[in-house]
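These notes are about the structure you will find just below.
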Amino acid sequence: MGELRSRLDALDARIADAARASGRDPGELTRIVVTKFHPASLVAQLHDLGVRDVGENRQQELTAKREALPSLDGLTWHFIGQAQTKKARAIRAAAAVVHSVDRDRLADALHAADPDGTPLDVLLQVNLTDDPTRGGVRPDGLEDLAVHVAAQCPSLRTRGVMGVAPLDEPPAQAFARLAAASSALRAVVPDAEWISAGMSADFAEAIAAGATHLRIGSAITGPRAVPG
Ligand SMILES: *Cc1c(COP(=O)(O)O)cnc(C)c1O
């Protein structure tokens, strides 16, 4: 626990430094701790340390951890992984925010899972690579997806964009494209101001490019048992 606290504190200090270096207020950033491949007990420890935003990238693991931890107050679960349409119902039941909406059918399935329920916050994931098998809508398809969600999926609230920087390019360059995508999205949904970007290795570049939501795993949790 002591070690977890020091890694969390050290990371938060680095986030604050990066924010100040970019002339930004650290208080406007949401730091999501990515707990994938770690046990539910780690989420409980993080909660004890004051963490209120956690991220998971697999539906089964998300659902299992939520069920194992019914009583943690004020915890927001973020789903950050590629989502199969057939998992949409389970994802909607377990997550408060879905960062990885990247196609009309997934948006439709998330909406259909609870059309009259509490609105679900979603981010539209933009593929920052040239590889179509990676998650995310192509940048040139983002506006159509946003229009579709706004028109057809009233139980989803589009909050912004999400992106993962490719490994074969300086992250600042990829995050600049994500910032451009964010502007394009705001032409369709003016209040969709969130930018979910930045992981353990590239959060400083993401902050410099305007990220509002950081998804940090290994720098806080230590190495994962399984690569992911
Ligand atoms: C695992 C993961 C992260 C966190 O990655 P780290 O390098 O461990 O910080 C962030 N975003 C997504 C989509 C992930 O799958």
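The values are calculated or read from the model by the stated rules, or taken from the named source; none is laboratory data. Source: prediction; values computed, not measured. Here the Cβ positions follow ideal geometry from the backbone for every residue, glycine too, while neighbour counts run over all protein chains shown. Surface accessibility is based on the protein's heavy atoms, side chains included, excluding ligands, DNA and RNA. Shrake-Rupley method; radii C 1.70, N 1.55, O 1.52, S 1.80 Å.
Note: region 136-228, Cα convex hull, 119 Å³ per residue. Computed from label points 7 Å out along Cα-Cβ, the spacing between residue 40 and residue 1 is 1.9 nm. The order of 105, 31 by accessible area, most exposed first and with a 1.4 Å probe, is 105, 31. Placing unit charges on the Cβ atoms of the charged side chains and taking the dipole of the chain about its Cα centre, the candidate lying farthest along the positive direction among 51, 213, 174 is 51.
Given a Förster distance of 25 Å, report the FRET efficiency between residue 133 and residue 86 from their Cβ-Cβ distance, rounded to the nearest 0.05. According to the calculation, E is roughly 0.85. Multiplying the residue separation of residue 17 and residue 200 by 0.36 nm and subtracting their alpha-carbon distance yields 64.4 nm.
Normalising the average separation of contacting C-alpha pairs (under 8 angstrom, six or more residues apart) by the number of residues puts the relative contact order of the chain at 20 percent. For region 57-174, the convex hull spanned by the alpha carbon atoms encloses 115 Å³ per residue.
I'm a student and want to see the number: the projected area of the Cα convex hull of the chain, averaged over all directions, in nm².
Seen from a random direction, the Cα hull of the chain projects 11.8 nm² on average.
Between 22, 154, 63, whose Cα lies farthest towards the positive end of the dipole of the chain when Lys and Arg beta carbons carry +1 and Asp and Glu beta carbons carry -1, centred on the Cα centre? Farthest towards the positive pole: 63.
What is the gain in length, in nm to one decimal, between residue 224 and residue 49 on full extension, counting 0.36 nm per residue of separation less the C-alpha to C-alpha distance? Walk me through the numbers on the way to the answer.
Numbers: separation 175, 0.36 × 175 = 63.00 nm, distance 1.99 nm.
In short, 61.0 nm is gained.
Applying 1/(1 + (r/R0)^6) with R0 = 45 Å to the Cβ-Cβ distance of residue 167 and residue 73 gives a FRET efficiency near 0.75.
Give the peptides 65-76, 90-101 in descending order of average Cβ contacts within 10 Å, highest first. Walk me through the intermediate numbers first.
Numbers: 65-76: 12.9, 90-101: 22.2.
Listed from highest to lowest mean packing, they are 90-101, 65-76.
Taking the Cα centre of the chain as origin and assigning +1 to Lys and Arg Cβ atoms and -1 to Asp and Glu Cβ atoms, the resulting dipole is close to 460 debye. Ordering of 176-186, 157-167 by packing is 157-167, 176-186, highest average first (other Cβ atoms within 10 Å, averaged per residue). Amide H contacts for residue 120 (H built 1.01 Å from N in the peptide plane; partners 5 or more residues away or on another chain; cut-off under 5 Å): 156, 157. Close amide H partners of residue 162, meaning residues 5 or more places away or on another chain with modelled amide H under 5 Å apart, are 124, 125, 126, 196. Dipole magnitude for region 111-228: computed about the Cα centre from +1 point charges on Lys and Arg Cβ and -1 point charges on Asp and Glu Cβ, it is near 220 debye.
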